[in-house]
Amino acid sequence: QVQLSESGGGLVQAGGSLRLSCAASGRTFSRAWFRQAPGKEREFVASIGWLSSNTILSDSVKGRFTISRDNAANIVYLQMNNLKPEDTAVYYCAAAGSRFYMGPRTVEYDVWGPGTQVTVSS
């Protein structure tokens with residue numbers, strides 16, 4: 001089975017930027033980023049299609065985050081700008097189990113990375 005691994009998390013001040021990477025050990029369908037803050041449910045952040053560059057961003061990150069992919073390297077990136085303390089969470093990369101799905105339902109993603117911590121200080 002394909003494995004995913006995230007990197008790029010860390011501690012940053014409010015207004016700063018981070019770029020998360022999601023590397024895959026094999027080919028995947030669409031990939032997405034989710035995040036989970038302590039005591040909260042896992043939340044959809046962004047997704048990108050497996051063949052096209054179609055992307056979906058949650059309303060909470062539109063205008064600040066962008067998702068992109070490097071097909072040659074098989075890496076998906078999440079560029080996070082103008083970070084806010086409420087962005088603090090563990091960020092997870094996930095790969096969809098079906099060819100065309102790229103929505104926000106966690107049950108549609110069958111491969112998950114271990115997560116990377118993002119902490120934004122005020």
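Observations, loosely collected:
- Looking at the stretch 36-122, the chymotrypsin sites (Phe, Trp or Tyr not before Pro) that sit in a DSSP loop and have at most 15 other Cβ atoms within 10 Å of their own Cβ are Phe100.
- Fraction of beta bridges assigned by DSSP in the chain that are antiparallel (%, nearest 5): 90 percent
- In the full protein context, the chain carries 52 Å² of accessible surface per residue, based on a 1.4 Å probe and ignoring ligands, DNA and RNA.
- Carbon and sulfur %, accessible surface of the chain computed with the full protein complex present, 1.4 Å: 49 percent
- Size of electric dipole in the stretch 1-114: Cβ of Lys, Arg +1 and of Asp, Glu -1, about Cα centre, debye, nearest 20: 160 debye
The values are calculated or read from the model by the stated rules, or taken from the named source; none is laboratory data. Computed from a predicted structure; not experimentally measured. No Cβ is skipped: glycine too gets one built from the backbone with ideal geometry, and neighbour counts run over all protein chains shown. For accessibility, only protein heavy atoms count, side chains too; no ligands or nucleic acids. Shrake-Rupley method; radii C 1.70, N 1.55, O 1.52, S 1.80 Å.
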